[in-house]
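The values are calculated or read from the model by the stated rules, or taken from the named source; none is laboratory data. Worth saying up front: this structure is predicted, and the values here are computed from it rather than measured. Please note: Cβ atoms are built from the backbone with ideal geometry, for glycine as well, and neighbour counts cover all protein chains shown. Calculation scope for accessible area: heavy atoms of the full protein, side chains included, ligands and nucleic acids excluded. Shrake-Rupley method; radii C 1.70, N 1.55, O 1.52, S 1.80 Å.
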Amino acid sequence: MSQLIRSFAQLENAILDPTDPVVTLFSGGLDSTYLLYRLQKLGMQNIHAVSIDVGDVESHTGKREIATHLGATFHSVDARNEFISHHVAPAIRAHAVYLGTHPISSSLSRPLLAKVAVELAEKTGARMLLHTANRSQNSLRRLNGAISALKFTGRYGSPYDLDPVDRSTKIEHLAAAGLTRMAQRVVSGDSNLWCREYESGFLDDPENHAMEQDLYQWTANTGSYPEEIMSIGFENGLPVNVDGRALELTAIIEELNHRVGKFGYGRYSGLEHLDRGEKVLEVREMPAAWILLKTLRHLETACLSERLIREKMDIEQTWVTEAVEGRWFGGLRSAAQAFIESSTSRVSGTVTWTMNQRSVDTVSIHAPDALYLRDREAWEAESVNNEKEGYAMRSDGLILAGLNSV
């Protein structure tokens with residue numbers, strides 16, 4: 001029997017003990033709610049719906065109500081600190097941007113979601129772990145890859161892989177089950193402390209995807225704001241303060257999402273490849289990521305040699321590829337991470353920005369152990385004098401001979 005669950009038909013045809021525990025990843029969205037509905041219809045009596053909080057905006061009270069309504073035991077796990085410390089922080093050092101278009105996000109959270117779900121499965125004795133990614137979502141290979149890498153020995157996967165269910169059918173069945181609120185979902189969303197991401201629905205067609213502005217939260221147009229001066233300090237490749245105030249990384253990201261986002265900066269749209277090469281559109285708002293990665297690159301150019309930066313940029317894309325392809329727990333990403341951490345261990349300093357609704361500009365790049373010049377003319381004069389020392393010069397300025405030559 002295959003370990004991988006790929007269809008609802010597999011679940012319906014399997015000989016399932018209704019008392020056996022089943023763990024499902026539960027976001028509170030249309031797909032994960034419909035999965036609970038289908039499991040309830042199959043007569044499963046020991047369903048554990050786990051919602052992992054990485055800074056999403058969905059109400060956990062609302063999620064609990066939905067899960068309880070469908071006969072599942074609801075588990076809420078606060079993984080925000082682990083997400084920032086063990087997933088976002090490495091991504092900042094790695095300048096994790098997909099093909100130069102947008103910082104990656106769900107690639108960072110999916111390994112953590114899988115880890116928490118596997119831990120719950122082990123705790124409850126569940127031999128089946130389900131999620132709801134479909135084949136037009138990159139999360140399918142990321143979750144399956146992570147669950148496999150974590151050595152889960154039960155059956156796992158997404159029944160949507162080979163059994164897609166259209167939106168209207170899901171809404172109709174859930175409404176009949178008393179969940180009419182699902183009809184309000186116009187796009188698929190994925191949110192965490194690092195990113196708010198939108199896809200599907202009216203965003204399906206890259207050739208016609210005008211965004212509904214009221215979906216934006218961090219970058220919503222809520223008025224005009226006076227210009228701000230903002231300083232961001234880094235130590236060893238990670239942000240540690242804003243305007244001189246020492247803050248934890250989570251607090252820095254939360255503050256910058258709002259301070260930078262209110263000016264409208266940090267929106268991205270980009271095409272990401274599926275595992276067979278086709279492309280799908282995703283729209284993001286990531287104000288903190290936008291300014292932090294710009295700040296880091298300025299400080300890297302201040303502190304590191306040009307050759308090391310070029311090598312790091314190559315390794316960054318290796319790191320990104322491994323994360324995007326669902327190999328977070330693989331050896332290559334770990335090796336790339338080691339190079340990146342070694343490189344950024346020398347990157348410290350502060351960048352000061354002026355920010356308004358027309359432009360964002362640096363006004364100071366300061367690094368205590370910097371390679372930059374602060375006075376070009378003085379450096380040039382000193383450089384020439386140093387080179388002249390030890391040489392005899394003709395009256396017309398040409399070198400006669402190196403006095404110190406061997």
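Multiply the residue gap between ARG374 and LEU162 by 0.36 nm, knock off their C-alpha separation, and tell me the result in nm, one decimal place. Don't skip to the end; give the middle numbers.
Details: separation 212, 0.36 × 212 = 76.32 nm, distance 6.14 nm.
Fully extending the segment from ARG374 to LEU162 adds 70.2 nm.
Would you list TRP194, TRP379 from the most to the least accessible area, probe 1.4 Å?
Values: TRP194 5, TRP379 130 Å².
Correct descending sequence by accessible area is TRP379, TRP194.
Give me the percent of Cα-Cα pairs in the stretch 1-149 that sit more than 28 Å apart, rounded to a whole number. Could you put the intermediate results ahead of the total?
On the way: 2138 of 11026 pairs.
Beyond 28 Å sits 19 percent of the P(r) for the stretch 1-149.
Between the helical axis of 306-324 and the dominant principal axis of the chain, each derived from Cα atoms, what acute angle in degrees is found, rounded to the nearest 10?
Its long axis makes an angle of about 0 degrees.
Whenever you get a sec, compute what percent of the accessible area on the chain sits on carbon and sulfur atoms (1.4 Å probe).
Details: 9500 of 19570 Å².
For the chain, the apolar C and S fraction of the accessible surface comes to 49 percent.
Given the options ALA246, ILE291, SER148, identify the residue whose Cα lies farthest towards the positive end of the charge dipole of the chain (+1 on Cβ of Lys, Arg; -1 on Cβ of Asp, Glu).
It is SER148, whose Cα lies furthest towards the positive end.
Short version: what are the Cα gyration tensor semi-axes of the stretch 125-165, square root of 5 times each eigenvalue, largest first, in whole Å? Mind dumping the intermediate values first?
Numbers: eigenvalues 68, 30, 7 Å².
Each semi-axis is √(5λ); the values are 18, 12, 6 Å.
Could you identify which residue out of LYS151, LYS388, LYS294 has the top mean-square fluctuation in a GNM of the chain using Cα springs shorter than 10 Å?
LYS388
Per residue of the stretch 67-76, what does 6.51 cos²θ - 1.76 cosθ + 1.60 with θ = phi - 60° give for ³J(HN,Hα)? Whole Hz please, x for Gly and Pro, Karplus curve as stated.
4, 5, 4, 9, x, 9, 7, 9, 10, 10
Taking a probe of 1.4 Å, how large is the accessible area per residue of the chain, in Å²?
48 Å²
Using a cut-off of 13 Å between beta-carbons, work out the net charge of the residues near ALA146 (Lys and Arg +1, Asp and Glu -1, ALA146 not included).
Details: positive: ARG110, LYS115, ARG141, ARG142, LYS151, ARG327, ARG333; negative: GLU119, GLU322, GLU325.
My count for the surroundings of ALA146 gives +4.
From the protein chains alone at 1.4 Å, what is the descending order of accessible area for GLU212, GLU122, largest first?
Values: GLU212 80, GLU122 125 Å².
Greatest to least solvent exposure: GLU122, GLU212.
Which translational diffusion coefficient, to the nearest whole µm²/s, is obtained for the stretch 269-360 from the Stokes-Einstein equation, given a Kirkwood hydrodynamic radius over C-alpha pairs, 4 °C and 1.567 mPa s?
The diffusion coefficient I find is 84 µm²/s.
Run lengths n ≥ 4 of DSSP H only: what is the helix-derived mean residue ellipticity at 222 nm for the chain, with -39500 (n - 2.57) per run over all residues, to the nearest 500? Working shown, then result.
Details: 13 runs with 153 residues, N = 406.
Calculated mean residue ellipticity at 222 nm is -11500 deg cm²/dmol.
Local charge sum around HIS69 (other residues, Cβ-Cβ under 15 Å, Lys/Arg +1, Asp/Glu -1)? The partial results should precede the final answer.
Working: positive: ARG38, LYS41, LYS63, ARG64, ARG181; negative: GLU65.
Every neighbour counted, the sum reads +4.
Could you sort the peptides 110-120, 124-134, 67-77 by per-residue average Cβ neighbour count (10 Å cutoff), highest mean leading? Intermediate results must be reported in sequence, preceding the final value.
Details: 110-120: 22.9, 124-134: 21.3, 67-77: 18.5.
Highest to lowest by the protection proxy: 110-120, 124-134, 67-77.
Sort ILE5, ILE171, ILE15 from largest to smallest accessible area, using a 1.4 Å probe on the heavy atoms of the protein chains. Mind showing how you got there, number by number?
Details: ILE5 5, ILE171 35, ILE15 170 Å².
Greatest to least solvent exposure: ILE15, ILE171, ILE5.
Given a 1.4 Å probe and the protein chains all in place, what does the accessible area of ASP369 round to, in Å² to the nearest 10?
Answer for ASP369: close to 110 Å² accessible.
Note the angle between two axes, namely the Cα long axis of helix 249-261 and the longest principal axis of the Cα atoms of the chain, as a number of degrees from 0 to 90, rounded to the nearest 10.
It is inclined by approximately 80 degrees.
Could you tell me the accessible area of TYR372 in Å² (1.4 Å probe, neighbours in place), rounded to the nearest ten?
Here the accessible area works out near 80 Å².
With a 10 Å cut-off between alpha carbons and a GNM built on the chain, which of HIS366, HIS48, HIS86 moves the most?
The residue with the greatest mean-square fluctuation here is HIS86.
Less than 14 Å Cβ to Cβ from LEU130, Lys/Arg counted +1 and Asp/Glu -1: what total charge do the surrounding residues give?
Values: positive: ARG6, ARG38, ARG127, ARG155; negative: GLU12, ASP20, ASP31, ASP161, ASP163.
With Lys, Arg at +1 and Asp, Glu at -1, the neighbours total -1.
At most 16 other Cβ atoms within 10 Å and a DSSP loop assignment: could you name the chymotrypsin sites (Phe, Trp or Tyr not before Pro) in the stretch 222-291 that fit?
Working: sites: PHE234, PHE263, TYR265, TYR268, TRP290; in loops: PHE263, TYR265.
When the chymotrypsin sites (Phe, Trp or Tyr not before Pro) of the stretch 222-291 are filtered for loop state and at most 16 Cβ neighbours within 10 Å, nothing remains.
Please determine, in degrees from 0 to 90 and to the nearest 10, the orientation of helix 106-124 with respect to the longest principal axis defined by the Cα atoms of the chain, where the helix direction is its Cα long axis.
Taking the Cα atoms of the chain, the angle to 106-124 is about 40 degrees.
So if we plug the beta-carbon distance of THR250 and LEU215 into 1/(1 + (r/R0)^6) with R0 = 25 Å, what FRET efficiency do we get, rounded to 0.05? Let's see the in-between values first.
Working: r = 24 Å, r/R0 = 0.96.
According to the calculation, E is roughly 0.55.
Test of understanding: what is the full-extension gain from GLU172 to GLU382, defined as 0.36 nm times their sequence separation minus their Cα-Cα distance?
On the way: separation 210, 0.36 × 210 = 75.60 nm, distance 7.83 nm.
Fully extending the segment from GLU172 to GLU382 adds 67.8 nm.
As a test question: what accessible area, to the nearest 10 Å², does GLU255 have when a 1.4 Å probe is rolled over all protein chains in place?
Probe radius 1.4 Å; accessible area of GLU255 about 40 Å².
Gaussian network model of the chain, Cα springs within a sub-10 Å range: biggest mean-square fluctuation belongs to which of VAL360, VAL22, VAL240?
VAL360
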